[in-house]
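Asker: My structure is below; once you've seen it, I'll send some questions.
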Amino acid sequence: MMALDSALDWQQIMAAVERAVMPHIGAGKVADYIPALACIDPRKFGMAVALRDGTMRCLGDADERFSVQSISKVFTLALTLQRVGEALWDAVGREPSGSSFNSIVQLEAEKGIPRNPLINAGAIATTDRLVHSYGGGQAGAWEAMDDLLDTARRLAGDQNIDIDCDVAESESQSGSRNRALAHFMASFGNMKNPVEDSLSAYFCHCSIAISCRQLARAALFLAFDGFDPVTGEEVLSKERCQRILAIMMMSGHYDNSGEFAYRIGLPGKSGVGGGILVVAPGHGTVAVWSPGLNQAGTSMVGSIALEELVRQTGWSVFG
């Protein structure tokens, strides 16, 4: 039987997680196709658990900032749903992709409508609608990113969250595949702004530098039906929060999503910067970072840490 959160021995839990990951530190391959990420030390590891009362339990490099990459898609989706509502689903589907995060084959077969908002094409289309909601164009892109950053800082209770301009530039310079996806969607009439304007916002939000502690705290509303349990702020409606968690469970790790659900049993989102965010509904949020990735682009050591954490806490939604 799962122990009550108040009865959990966090010192013992975090020690067990540390024992589980130590033999594997440095495993996996960093995302060297993005030049600014290629030089990150693969032996880095950090974890932060945010609980209902705002208490944090941390391990390792939990306060070192890393490139959020695709984890930002969760926050972009939340903000876009707030601003454009259900109209977003005219541009983006809600089905698992079962394909690589930057696949163009599926997009062609489905006439420019991405499978979900957490694959690259879907996140670009979502970002495009967000930019359009601020008036469109380059001015709309900058205003959207300012609002997204302000939201992340407010939810984290920390102003020290910024876009890493070097990573954003590196993303842009190596972004040929993302440009192909965007132009392909534009050819089907599924982009409302000039491609480069929407992509500039996309590259920026994927280049936010954030720590595990900041990320876990900023996402805490997702574990409590859209309400920040510490401040009482309604960040998102309960219904939309539930929908985002469903999409994270089905599609948060691309063609590795089924394996992640099987092993960890929590809604999550990974990024090729080595971060993973998971949500334990009614309990809290967990952010973990270790740069070495598996073939699907999910942190290898991060996944091991999360699997052990769930074993220790019983937080799986299936158990």
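Rule-based calculations on the coordinates, nothing more; no lab input. What you are looking at is a predicted structure, and each value in this text was computed from that prediction instead of being measured. Because the Cβ atoms are built from the backbone with ideal geometry, glycine has one as well, and the counts that use them run over all protein chains shown.
Asker: Residue 162's amide H: which non-local residues (gap 5+, or another chain) put their own amide H closer than 5 Å, with H modeled 1.01 Å from N in plane and none for Pro or chain starts?
Answerer: Placed amide hydrogens put 209 under 5 Å from residue 162.
Asker: What is the angle, in °, between the Cα long axis of helix 72-84 and the longest principal axis of the Cα atoms in the chain? Nearest 10 is fine, range 0 to 90.
Answerer: Value to nearest ten degrees: 60.
Asker: Quick one: which residues, 5 or more positions from residue 66 or on another chain, have an amide H under 5 Å from its amide H? H modelled 1.01 Å from N in the peptide plane, none for Pro or chain starts.
Answerer: 210, 211
Asker: Which value in Å is the Kirkwood Rh of the chain over different Cα pairs?
Answerer: Kirkwood hydrodynamic radius for the chain: 19.2 Å.
Asker: With a sphere of radius 13 Å drawn around the Cβ of residue 240, what net charge do the other residues whose Cβ falls strictly inside it have (Lys, Arg +1; Asp, Glu -1)?
Answerer: 0
Asker: Something else now. With n ≥ 4 as the cut-off for DSSP H runs, can you work out [θ] at 222 nm for the chain, using -39500 (n - 2.57) per run divided by the number of residues, rounded to the nearest 500?
Answerer: -13500 deg cm²/dmol
Asker: What nm value, rounded to one decimal, do you get for the distance between residue 15 and residue 263 when each label is placed 7 Å out toward the C-beta?
Answerer: Taking the simple label geometry, residue 15 and residue 263 are separated by 2.6 nm.
Asker: How big is the range 70-206 along each principal axis, measuring the range of its Cα positions in Å and listing the largest first?
Answerer: Answer, in whole Å and largest first: 43, 33, 28 Å.
Asker: Starting from 0.36 nm per residue, how many nanometres of slack lie between residue 166 and residue 104 once their C-alpha separation is accounted for?
Answerer: 19.7 nm
Asker: Could you run the Karplus curve 6.51 cos²θ - 1.76 cosθ + 1.60 with θ = phi - 60° over the range 243-260 and give me ³J(HN,Hα) per residue in whole Hz, x for Gly and Pro?
Answerer: 5, 5, 4, 4, 5, 4, 5, 7, 9, x, 9, 6, 7, 10, 5, x, 5, 5
Asker: Further question: Neighbour counts of other C-beta atoms within 10 Å: give me 289, 315, 89 arranged from fewest to most.
Answerer: Least crowded to most crowded, the residues run 89, 315, 289.
Asker: For residue 238, list the aspartates and glutamates whose Cα falls under 17 Å from its own Cα; do not include residues on the same chain fewer than 8 positions away.
Answerer: 86, 225, 228
Asker: Quick one: compute the contact order of the chain, relative version, from alpha carbon pairs under 8 angstrom and 6+ residues apart, as a percent.
Answerer: With pairs under 8 Å counted, the relative contact order is 29 percent.
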